[in-house]
Amino acid sequence: MFFTIIAILYVVIFCILSLFALPFTFLVRKVNRNKGDLMSLHFVQWGFRTVLFLGGQKVTVFGKEHIPTDRPVFYVGNHRSIFDIIVSYAQVPTLTGYIAKESIGKLPVISIWMKRLYCLFMKRDDLKQSLQVILTAIDYLKQGISICIYPEGTRNKTEEPVQPFHAGSFKPAEKTGSPVVPMAITYSKPVFEDHLPRLYRTHIVLRYGAPVETTSLTPEARKKLPGDVQNVIREMYLENLAFLEKNGFLSET
C-alpha cells in the first residue's frame with residue numbers, strides 16, 4: 001500500500017506542476033513546433049517513468065533496436081491494462097500519438113497533454129467518428145508523427161494471449177506505407193486491474209518485433225496483415241512469459 005500512496009501523491013503533484021509547464025511548451029511550440037513537441041514528449045515520458053519507479057514496477061525491454069527512427073511507424077500492441085500506455089509511451093524514441101478510447105479523453109490534465117501529443121480518442125460505437133479518427137491518424141503519419149493502436153478494441157480479460165484484431169485498425173499503415181511495429185506487453189495486468197485499489201509491484205516485459213513493411217503488399221498480403229501481426233505478437237507475448245518464468249519473476253496474483 002505504501003507504493004500506491006506514494007505513486008498517487010506523485011501523480012497529483014505532477015498534474016499540478018504540469019499546469020505550469022503546459023503554457024511554457026505552448027510558447028516554445030509557437031517559435032519552433034518540433035522543439036515544443038519534443039519538449040512535451042520528454043516531459044510526459046519523464047512523468048511516466050517516475051510513476052513506474054515510485055509504483056515499484058520493473059520493466060524489461062527487448063527489441064527496441066527494431067524501431068525505425070528515420071520515419072514514422074505504426075505501433076500495434078496487445079492490451080491488458082491501462083499501464084500498457086504508461087509502459088510503452090515511456091519508451092517511444094520519436095513523437096507518437098496513441099489512439100485511445102473516448103473516456104480517457106475526459107481525464108483532467110492528462111487529456112490535455114495527450115491532445116498536445118497528437119493522441120486521438122475514439123468512440124467505439126460511432127462509425128462516423130471512428131472513421132474520422134482513422135483519417136486523422138493517416139494525416140499525422142504523413143506529417144511524420146508515429147501512431148500506436150491496440151487493435152483488439154478493448155482490454156483483453158481472457159486467458160488467451162491476444163484477442164482477434166480489427167482489420168480496419170491497420171488502414172493508417174496501409175494508406176501511408178508506414179511500417180508496422182509489433183509490440184507485446186506481458187504481465188501488466190497485475191499492476192492495477194488485478195489488485196484494485198492498490199498497485200502491485202511486478203515485472204513487466206515489453207518486446208518489439210521487426211517492422212513489417214506495408215509499401216509493396218499484395219492485396220492478399222494486405223488481407224492477411226492483421227492476422228499475421230496478431231500471430232507475431234502472440235509469439236512475442238509467450239516469449240516474454242517464458243522469460244519471466246525462467247527468471248522467477250512470476251508470482252501468484
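Suppose we filter the stretch 205-249 for residues that are out of contact with any strand residue (DSSP E or B) (no Cβ under 7 Å at 6 or more places or on another chain), among the hydrophobic types (A, V, I, L, M, F, W, C) and crowded, with 16+ Cβ neighbours inside 10 Å; how many remain?
Within the stretch 205-249, residues that are out of contact with any strand residue (DSSP E or B) (no Cβ under 7 Å at 6 or more places or on another chain), among the hydrophobic types (A, V, I, L, M, F, W, C) and crowded, with 16+ Cβ neighbours inside 10 Å number 2.
Are any of the residues in the stretch 123-134 among the hydroxyl-bearing types (Ser, Thr, Tyr), on the phi < 0 side of the Ramachandran plot and surrounded by 14 or more Cβ atoms within 10 Å (Cβ to Cβ)?
Yes, the stretch 123-134 contains at least one residue that is among the hydroxyl-bearing types (Ser, Thr, Tyr), on the phi < 0 side of the Ramachandran plot and surrounded by 14 or more Cβ atoms within 10 Å (Cβ to Cβ).
Can you spot a residue in the stretch 137-156 that is assigned to a helix (DSSP H, G or I), buried (at least 21 other Cβ atoms within 10 Å of the Cβ) and aliphatic (A, V, I, L, M)?
Among the residues of the stretch 137-156, at least one is assigned to a helix (DSSP H, G or I), buried (at least 21 other Cβ atoms within 10 Å of the Cβ) and aliphatic (A, V, I, L, M), which makes the answer yes.
Tell me whether the stretch 222-243 contains one or more residues that are over 20 Å from the mean Cα position of the chain (by Cα), of a type in the set (Gly, Ala, Ser) and at pLDDT below 95.
No.
When you scan the stretch 157-185, how many residues do you find that are buried (at least 23 other Cβ atoms within 10 Å of the Cβ), under 15 Å from Lys223 (Cα atoms) and among the small types (Gly, Ala, Ser)?
Residues that pass the stated criteria total 1.
Select, from Thr69, Thr50, Thr60, Thr94, the only residue that is more than 29 Å from Asn231 (Cβ to Cβ) and touching a residue at least 24 places away in the same chain (Cβ under 8 Å).
Thr50
State which residue is modelled with the lowest pLDDT when the search covers only the stretch 108-163 and only residues that are in contact with a His (Cβ under 9 Å, 6 or more places away or on another chain) and of a type in the set (S, T, N, Q).
Among those that are in contact with a His (Cβ under 9 Å, 6 or more places away or on another chain) and of a type in the set (S, T, N, Q), it is Thr154.
Considering only residues of the stretch 163-216 that are in a loop (DSSP other than H, G, I, E, B) and touching a Leu at 6+ places or on another chain (Cβ under 7 Å), which is nearest to Val51 (Cα to Cα)?
Across the stretch 163-216, the extreme among qualifying residues is Phe192.
Would you call Leu120 surrounded by 15 or more Cβ atoms within 10 Å (Cβ to Cβ) and under 13 Å from the mean Cα position of the chain (by Cα)?
Yes; evaluated as a whole, the condition is true for this residue.
The values are calculated or read from the model by the stated rules, or taken from the named source; none is laboratory data. What you see is a predicted model; the values in this text were computed from it and never measured. Glycine gets a Cβ as well: all are built from the backbone with ideal geometry, and neighbour counts include every protein chain shown.
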